[in-house]
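Input: a single structure, listed below in structure tokens.
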Amino acid sequence: MTSSATLTPILDRLATLANGRAIDRAEVPELSFDDFQQAILAAVQLQQRVVALFGMLDPDPEIVPLYLVLADDQQSLLRLARTRVRGDRFPSLTPRCPQVHLFEREIGEQFALRAEGHPWFKPLRYHRSYRPGYDAWAEAKPSVAEAKPSVAEAKPSAAGPESQPPIVGVTDFYRVDGDEVHEVAVGPVHAGVIEPGHFRFQCHGEDVFHLEISLGYQHRGVERALIGGPNPRSIHYAETLAGDTSVAHATAYCQVFEALARCQKTARAQTLRGIALELERLANHVGDLGALAGDVAFLPTASYCGRIRGDFLNMTATLCGSRFGRGLIRPGGVAFDVDAAILDDLLKRLDASEKDCKNAVDLLWDSPSVMSRFEDVGRVSRAAAQDLGLVGPAARACGLQRDARHDQPSGIFRFAHIPVSTCDSGDVFARAYVRWLEVQHSIDFIREQLRALPSGAVRGDVKPPCPDQLAVSLIEGWRGELCHVALTDSNGRFQRYKVVDPSFHNWTGLAYALRNQQISDFPLCNKSFNLSYCGHDL
Amino acid sequence: MFNTLLARLHQGHRTIEYPDAPPPSLPQRFRGRPIIDASKCPDGCALCAEACPTQAIAISDKPRIDLGRCLFCADCMNACPAGAIRYTREYRLSVRQREDLVVDSDHEMKLASALDEKLKRLFGRSLKLRQVSAGGCNGCESDVNVLGTVGWDLGRFGIQFVASPRHADGLLITGAISQNMRLALSKTYDAVPSPKIVIAVGACAISGGPYAGHPEVQNGAAAAVPIDLYVPGCPPHPLTILDGLLRLLGKIEEGKNLTPDSTIGK
């Protein structure tokens, strides 16, 4: 074990930044590739986290610049560095640092760089690389003639001639061989009203040896389309990165925008953003608690919570007309103010929903038939959660104290503190119970803020973003931390816009939770994470 | 066990009475069907069209809004210097023909008519749908799911989402149809026995929504399958979706007053 004294010098070379602030791009230090990787290893050994690691296009097509954002939660600081990769490959850090595994696959896919030595180097979203003519998997691809006819027909007609576009879901899936081993494949279309994704289980009887999750079906090119902005669509892209997380993503986008443009926000606007964020958490957590009850066939809580979720969505609609908070969060503040009548109405409805919610959810903990299905199912150890870099309730259910509202506070959370809710068993019960603790804290927070809403305007003047800046924004959405990073060019336009949804970190956690579990527990484990396909696929 | 029974008493009966009674009132700030007053438009003004994120507004002599592209974001209303556009709380928006989604100041909206007699006889009392989600944000899926909760209880109309296309009478499609879902959608459509119907829910499934024009998507389901009902919105309110489904099945009688209150519509 290296002592922290020998680790810090390399980290001291990195630029530091507070959440929701911008920095001149020139101030982000460029490290050699080796130092860049050493910085990641040093930070992770000190319990810091990789919140973003991404590439971008360079005028020289032979070069891919990489950017790194680390979160130092103890000091509430972010650390930044960059490096350059020349050519078509780089040595993978994943064997020594599992939490970068998907970041490296993403860089590989977007910028056609092979992560040499990556144990699991496969496409992530199945799209062409952003470097025209370059493809990390060019050698491995069959020609059109070799591919199955039905699959070949599926190719987009707009496909250019230079290389074969990837075929979604066609990759070298991990397989376990043996007489009594069988494979179960599910999706992309699921047996319900659910987003598309493909799951492959390697099973021995009912037991799952391994689950591989293959996504990309929701890929609609949002990161690519954000380049060149801001424009009239940009905020709508943010609101639809993950539609059930509109408030959190729109807030992250606006914080990035405001940092780039050096805008001030009023206290009233920041408080209303916080209220909307917690209402979003309430609706989703309550919905999840109901859905978890449904998955163990406990219909009372399933029915009640399904309805109570709507109560919270309708409170958001009272604020802005949309149940998902669309149209509320805008650069410079919020687009809707509240008057005394709305405040009074919301406080009354909050009280009523709190009673209904407590009544419905307490049934879960009182019912042995529910508890026996929740406990010790889908366990993730604290060490695994740490190694994989899990975030949100999934991480807190493993005992990790990790909450961007507390560790990297921005907006109202710099002044109003919400306790971090944890549980240590890492199972379905823990993920359910952490949600319930958070529901109670969110209700308390909203009540407090509604009663003491600062006066003043809700929206200030908005200027265009400044040129040659880099801004980072972390928001604790209901699934966990989401990260937006924007780099502006010399005209103040987005040259790169990186989005890291909490699901990006957590899908591997779900795969891990299924190991040595019964395949019949998959729906329950899946619901206990309730991850976003569109947030991952972008 | 005793607590479970007490909770049942506390929670009560919560299913809405609609369509036998007026639907629940919508929030004051709810943005339903937009209304244009072209007489207020200043000469040569195109600020609404420039502000629209999805090019839903076309101005030839007067502005027209394509609700199939509209995100109901009100960016146009906020950009208009003359107050010529405003959003009403009218939630009834579903149509049978794509062109009926284009609204202007001169025409009433032509809401969805019921299926023909043969299909109504087949599906009117029992409609099983397979849902295909294909390149959206999960917002439409969320509000379709809401119809299954006790508050809305879609099952009382005989409408149900099923776990196989072989069990289905039709598809309910959400999302802009990503290139990566194109094959899965056409296979699912082919697996549904005929006769079958297709319902497109949300701006994405109708036009591509915020992703219209991206090479990664197909700008809606119409490129892949024929569509029988269009439900616009981003996402549409559950009431808008339910209204569309019930109109398609002929369960809403024209002329019957189902307006939540008198402030909407005009």
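What follows draws every value from the coordinates through simple rules; no lab data is involved. This structure is a prediction, so every number in the text was calculated from the model and none was measured. Neighbour counts are summed over all protein chains in view; Cβ atoms, including those assigned to glycine, are modelled from backbone coordinates with ideal geometry.
What the table below lists for this structure:
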| item | result |
| --- | --- |
| Rg to Rh quotient for the range A:397-443, alpha carbon positions, Kirkwood Rh | 1.01 |
| Pairwise Cα inverse-distance average, inverted: Kirkwood Rh of chain A (Å) | 24.0 |
| Geometric extent, Cα atoms of the range B:34-90 - Rg, Dmax (angstrom) | 10.0, 29 |
| Alpha carbon centroid spacing (whole Å) that separates the range A:342-403 from the range A:523-538 | 16 |
| Kirkwood-type radius of chain B, with distances r between different C-alpha atoms, in Å | 19.4 |
| Contact order relative to length of the range A:476-520, as percent, for alpha carbon pairs under 8 angstrom and 6 or more apart | 31 |
| Set of the range A:252-296 residues, backbone N closer than 16 Å to the point 7 Å along the Cα-Cβ line of A:Ser369 | A:292-296 |
| Shape category assigned to the range A:222-537 from the gyration tensor of Cα positions, a/c cut at 1.5 | oblate |
| For residues of A:106-113, the mean tally of beta carbons on other chains within 10 Å | 0 |
| Integer Hz, Karplus 6.51/-1.76/1.60 couplings in order for the range B:24-41, x for Gly and Pro | x, 6, 8, x, 4, 8, 4, 9, x, 4, x, 10, 10, 10, 5, 5, 8, 5 |
| A:Arg86-A:Gln518 pseudo-label distance in nm [points 7 Å out on the Cα-to-Cβ vector] | 5.9 |
| The range A:17-34 and the range B:57-131: distance between their alpha carbon centers, rounded to Å | 48 |
| Most mobile of B:Ala56, B:Ala168, B:Ala191 in a GNM of chain B (Cα contacts under 10 Å) | B:Ala191 |
| Relative contact order computed over the range B:34-90 (Cα-Cα under 8 Å; 6+ residues apart), in percent | 45 |
| Directionally averaged shadow of the range B:1-152, computed from the convex hull of its alpha-carbon atoms, nm² | 13.6 |
| Sorted by Cβ density within 10 Å, fewest first, the residues A:Ile418, A:Ile308, A:Ile275, A:Ile63 | A:Ile63, A:Ile418, A:Ile275, A:Ile308 |
| Under-5 Å amide H pairs with A:Leu66, H placed in peptide plane, nonlocal only | A:Thr83, A:Arg84, A:Val85 |
| Sorted peptide list for B:203-215, A:447-459, B:1-13, A:481-493, criterion being average Cβ within 10 angstrom, highest first | B:203-215, A:481-493, A:447-459, B:1-13 |
| Gaussian network model of chain B, Cα within-10 Å springs - most flexible of B:Pro193, B:Pro34, B:Pro165 | B:Pro193 |
| 5 angstrom amide H check on A:Arg89, placed H, neighbours 5+ away | A:Arg114 |
| Per-residue average of Cβ from other chains inside 10 Å of B:145-155 | 4 |
| Ranking of A:Trp436, A:Trp137, B:Trp152 by count of other Cβ atoms within 10 Å, fewest first | A:Trp137, A:Trp436, B:Trp152 |
| Within a Gaussian network of chain B (alpha carbon springs, distance under 10 Å), most fluctuating of B:Leu249, B:Leu101, B:Leu122 | B:Leu122 |
| Calculated diffusion of the range B:101-215, Stokes-Einstein form, Kirkwood radius summed over Cα pairs, 25 °C and 0.890 mPa s, µm²/s | 158 |
| With eigenvalues of the C-alpha gyration tensor scaled by 5 and rooted, the range A:3-85, Å | 22, 15, 10 |
| CD proxy at 222 nm, helix term only [per DSSP H run n ≥ 4: -39500 (n - 2.57); per residue of chain B; nearest 500] | -6000 deg cm²/dmol |
| Relative contact order for the range A:253-371, counting Cα pairs under 8 Å that sit 6 or more residues apart, in percent | 28 |
| Rg in Å to one decimal, and Dmax rounded to a whole Å, for the range A:320-402 via C-alpha atoms | 19.5, 50 |
| In Hz, Karplus ³J(HN,Hα) per residue of the range A:205-217 (6.51, -1.76, 1.60; θ = phi - 60°; x = Gly, Pro) | x, 7, 7, 8, 6, 7, 10, 10, 10, 10, 10, x, 5 |
| Karplus-derived HN-Hα couplings along the range A:365-377 (A = 6.51, B = -1.76, C = 1.60, θ = phi - 60°), whole Hz, x at Gly and Pro | 6, 8, 9, x, 5, 6, 4, 5, 8, 7, 7, 6, 10 |
